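Enquirer: Got a structure for you, questions after.
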Amino acid sequence: MTVPDIEDTTGSAAGPQRVVIVGSGFAGFTCARKLCRILAGAGRETEVVLVTPNDYMLYTPLLPDVAGGLIDPRFVAISLADALPRVRLVVAEAESIDPDNKTITVTSQHHGPRELSWDRLVLTPGSVTRLFDIPGLAEHGRGLKTVAEALYLREQLLRQLELADHEEDPEVRRARRTVVVVGASYAGTELVAQLRALADAYAARRDFEPSEVRFVLLDMADRVMPEVGEKLSDKVLSVLRSRGIDIRLGISLKELTGDHVVLTDGTTIATYTVAWVTGVTGAPVLGTLGLPMEGGRLVVEPDLRVPGRPDVFAGGDAAAVPDLTKPGKITPPTAQHATRQGKILARNVAASLGIGAAAVYKHRDMGLVVDLGPGFAVANPVGLPLSGFPAKAVTRAYHTYAVPRGINRWAITMAYLTNAVTPRPLTLLGLVSPEEASFGSSEGIPKRT
Ligand SMILES: Cc1cc2nc3c(=O)[nH]c(=O)nc-3n(C[C@H](O)[C@H](O)[C@H](O)COP(=O)(O)OP(=O)(O)OC[C@H]3O[C@@H](n4cnc5c(N)ncnc54)[C@H](O)[C@@H]3O)c2cc1C
């Protein structure tokens with residue numbers, strides 16, 4: 001990992017102005033890329049600094065495919081050094097932000113706290129998995145927001161299947177062959193579909209009945225993926241049930257231990273593998289600002305400025321951005337919005353530096369694409385409900401187009417083509433420990449207490 005060169009605390013006083021962007025996800029990455037183009041076009045020397053715990057931008061919508069062993073984690077990690085050559089990377093976490101003194105304190109595994117000053121600050125640290133006060137959840141549940149978590153879930157499933165093959169106690173064997181996924185919105189549903197496909201491939205290779213591996217999908221809501229509308233939601237329910245996935249709605253977890261979970265209806269399920277994919281809340285660093293928040297996200301104006309702080313901007317999952325197409329609502333935490341907000345952030349930061357005119361954020365939702373494993377997907381591009389092969393084609397085409405770097409697009413396309421003619425690989429590399437994939441520490445972000 002690069003040790004950041006951040007010894008200076010000077011900003012505009014000593015040299016060119018400095019824009020600091022916190023977070024290199026969809027919003028931060030897009031903002032940095034567009035801002036560099038605008039500045040270059042205007043012949044400005046303004047420095048663009050990107051503070052990020054990883055030297056890559058993660059294309060999260062394909063994490064279920066990583067967990068299912070369909071694609072390699074490197075393919076969804078876009079190299080920042082290659083994609084953003086004009087940006088100065090500081091590979092570290094923002095620990096705290098002082099908007100009055102215009103400084104940010106950063107830290108990493110390689111150095112203690114260091115201070116960095118800014119003339120404009122763009123806050124795009126995204127979100128973290130929302131945890132509830134459920135006994136055992138933080139210790140025994142695992143999320144799906146990072147490479148470490150996706151890899152861990154894949155390896156945990158394969159390891160448990162392997163152990164089950166040699167287990168003599170039928171109760172323990174059954175528990176090892178049981179996976180519980182909590183959260184039936186698109187991410188959890190994609191995950192359960194991909195893990196089912198991985199388990200089916202394993203069962204075929206080891207010559208046992210795939211139905212011996214049991215998947216349980218839980219959600220407090222009364223339907224799966226309400227985001228795609230009733231018709232598609234019903235279709236998803238029947239396809240997943242036909243694959244033997246036990247879907248229980250209106251139910252969540254009451255308690256987790258190392259070898260079983262207790263559901264809110266009192267039922268106990270013996271399992272060693274629990275994925276918690278229920279929803280998100282703004283990144284913890286936002287709490288250090290002392291500024292107004294809404295639902296865990298930083299309050300911003302329609303032009304993505306923080307109220308009363310003309311030099312501070314925010315967008316993506318971290319910000320409660322007013323949805324001008326749905327008065328009174330805020331935009332949902334999706335990559336679709338984060339990417340477009342990244343462009344407005346760049347434009348408005350540039351405008352604040354005297355280049356061009358500012359704009360408000362307004363985008364009508366274009367719908368979702370959801371890949372549900374072998375031969376099935378659903379999508380509602382611009383409100384048109386699609387399922388089966390047409391949805392699969394739209395979904396794959398959309399993701400390969402939306403991944404923001406050619407070499408990654410190529411690798412993902414090759415992985416899909418390879419999967420069309422060969423079974424998914426089942427190798428167990430043992431790369432991620434349970435601790436490395438625990439909530440809050442899986443990508444070097446300080447652990448929440
Ligand atoms: C499994 C999964 C599937 C999804 N599928 C879809 C989909 O199909 N379509 C869709 O529209 N959306 C999808 N989403 C949602 C989408 O990923 C998010 O809405 C999107 O990533 C938000 O972008 P962002 O830039 O705000 O945050 P992120 O992309 O999460 O980026 C935030 C960045 O900030 C960094 N960061 C955090 N804290 C700090 C700190 N203290 N200091 C420095 N850096 C920090 C993080 O490491 C990260 O790099 C999916 C999400 C998941 C988890």
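Enquirer: Could you please find all residues in region 294-351 being open to solvent by 20 Å² or more (accessible area, probe 1.4 Å) and of a type in the set (Val, Ile, Thr)?
Expert: Of everything in region 294-351, those that are open to solvent by 20 Å² or more (accessible area, probe 1.4 Å) and of a type in the set (Val, Ile, Thr) turn out to be Val299, Thr325, Ile330, Thr334, Thr339, Ile344.
Enquirer: Take region 185-244 and flag every residue that is among the basic types (Lys, Arg) and touching a helix residue (DSSP H, G or I) at 6+ places or on another chain (Cβ under 9 Å).
Expert: The initial filter retains those residues of region 185-244 that are among the basic types (Lys, Arg), namely 196, 205-206, 214, 223, 231, 235, 241, 243.
Listed by number, the residues that qualify are Arg196, Arg206, Arg214, Arg223, Lys235, Arg243.
Enquirer: Cβ-Cβ below 6 Å, separation at least six or inter-chain, first residue in region 277-305 and among the hydrophobic types (A, V, I, L, M, F, W, C), second open to solvent by 60 Å² or more (accessible area, probe 1.4 Å): which pairs?
Expert: Correct list of pairs: Val280/Arg130; Val299/Pro292.
Enquirer: Looking at region 185-201, which of its residues are touching a strand residue (DSSP E or B) at 6+ places or on another chain (Cβ under 8 Å) and more than 13 Å from the ligand (Cβ to nearest atom)?
Expert: Arg196, Ala199
Enquirer: Can you tell me which residues in region 127-139 are under 19 Å from Asn54 (Cβ atoms) and out of contact with any Phe, Trp or Tyr (no Cβ under 8 Å at 6 or more places or on another chain)?
Expert: Quick first cut of region 127-139, residues under 19 Å from Asn54 (Cβ atoms) only: 127-129.
Residue satisfying the conditions is Ser127 alone.
Matching residues to (1) buried (at least 19 other Cβ atoms within 10 Å of the Cβ); (2) within 20 Å of Gln156 (Cα to Cα); (3) of a type outside the set (A, V, I, L, M); (4) not assigned by TED's automatic domain parsing to the domain that holds Lys329:
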| site | (1), (2), (3), (4) |
| --- | --- |
| Ala193 | yes, yes, no, yes |
| Ala199 | yes, yes, no, yes |
| Ser211 | no, yes, yes, yes |
| Leu249 | no, no, no, yes |
| Thr273 | yes, yes, yes, yes |
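Every residue, every condition in (1) open to solvent by less than 40 Å² (accessible area, probe 1.4 Å); (2) among the small types (Gly, Ala, Ser); (3) within 15 Å of the ligand (Cβ to nearest atom), yes or no:
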| site | (1), (2), (3) |
| --- | --- |
| Ala357 | no, yes, no |
| Val360 | no, no, no |
| Gly373 | yes, yes, yes |
| Leu384 | no, no, no |
| His399 | yes, no, yes |
| Ala415 | yes, yes, no |
| Thr418 | no, no, no |
| Thr422 | no, no, no |
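Enquirer: Report the residue count in region 24-66 for those that are under 18 Å from the mean Cα position of the chain (by Cα) and more than 18 Å from Asp119 (Cβ to Cβ).
Expert: Within region 24-66, residues that are under 18 Å from the mean Cα position of the chain (by Cα) and more than 18 Å from Asp119 (Cβ to Cβ) number 21.
Enquirer: If you take the residues in region 108-124 that are touching a residue at least 40 places away in the same chain (Cβ under 8 Å) and more than 23 Å from Arg37 (Cβ to Cβ), which one is farthest from the ligand (Cβ to nearest atom)? Talk me through it step by step, then tell me what you get.
Expert: Narrowing region 108-124 to residues touching a residue at least 40 places away in the same chain (Cβ under 8 Å): 108-111, 114-124.
From the residues that got through so far, the ones that are more than 23 Å from Arg37 (Cβ to Cβ) too are 108-111, 114-117.
Working: Ser108: 10, Gln109: 13, His110: 15, His111: 14, Arg114: 13, Glu115: 14, Leu116: 11, Ser117: 16 Å.
Within region 108-124, the match that is farthest from the ligand (Cβ to nearest atom) is Ser117.
Enquirer: Moving on. Let me confirm something: among Ile245, Ile251, Ile269, which residue is in contact with a His (Cβ under 8 Å, 6 or more places away or on another chain), of a type in the set (Val, Ile, Thr) and on the phi < 0 side of the Ramachandran plot?
Expert: Going through Ile245, Ile251, Ile269 in turn, the sole match is Ile269.
Enquirer: Could you identify the single residue in Ser438, Ser433 that is within 20 Å of the chain's Cα centre (by Cα), closer than 30 Å to Gly136 by Cβ and loosely packed, with under 13 Cβ neighbours inside 10 Å?
Expert: Values: Ser438 fails: loosely packed, with under 13 Cβ neighbours inside 10 Å.
One residue alone meets the criteria, Ser433.
Enquirer: Can you pull out every residue in region 22-42 that is in a loop (DSSP other than H, G, I, E, B) and more than 14 Å from the ligand (Cβ to nearest atom)?
Expert: Once the filter is applied, which keeps residues that are in a loop (DSSP other than H, G, I, E, B) and more than 14 Å from the ligand (Cβ to nearest atom), region 22-42 yields only Ala42.
Enquirer: Can you find, within region 257-271, the residue that is farthest from the ligand (Cβ to nearest atom) among those that are in a strand (DSSP E or B) and open to solvent by 10 Å² or more (accessible area, probe 1.4 Å)?
Expert: The initial filter retains those residues of region 257-271 that are in a strand (DSSP E or B), namely 260-263, 268-270.
Those left that are additionally open to solvent by 10 Å² or more (accessible area, probe 1.4 Å): 260, 262, 268, 270.
Working: His260: 25, Val262: 26, Thr268: 28, Ala270: 26 Å.
Once the filter is applied, the top-ranked residue is Thr268.
Enquirer: Taking only region 61-93 into account, find how many residues are open to solvent by 20 Å² or more (accessible area, probe 1.4 Å) and within 10 Å of the ligand (Cβ to nearest atom).
Expert: So the answer is 2.
Enquirer: Another question about this same structure. Residues being without any contact (Cβ under 8 Å) to a residue 60 or more places away in the chain and touching a Lys or Arg at 6+ places or on another chain (Cβ under 8 Å): count how many of those fall in region 340-356.
Expert: Number satisfying all stated conditions: 1.
The values are calculated or read from the model by the stated rules, or taken from the named source; none is laboratory data. Keep in mind that this is a model prediction, so the values were computed, not measured. Don't worry about glycine lacking a Cβ; one is built from the backbone with ideal geometry, like all the others, and counts go over all protein chains shown. Heads up: the accessible areas ignore ligands, DNA and RNA and are worked out on the full protein's heavy atoms, side chains in. Shrake-Rupley method; radii C 1.70, N 1.55, O 1.52, S 1.80 Å.
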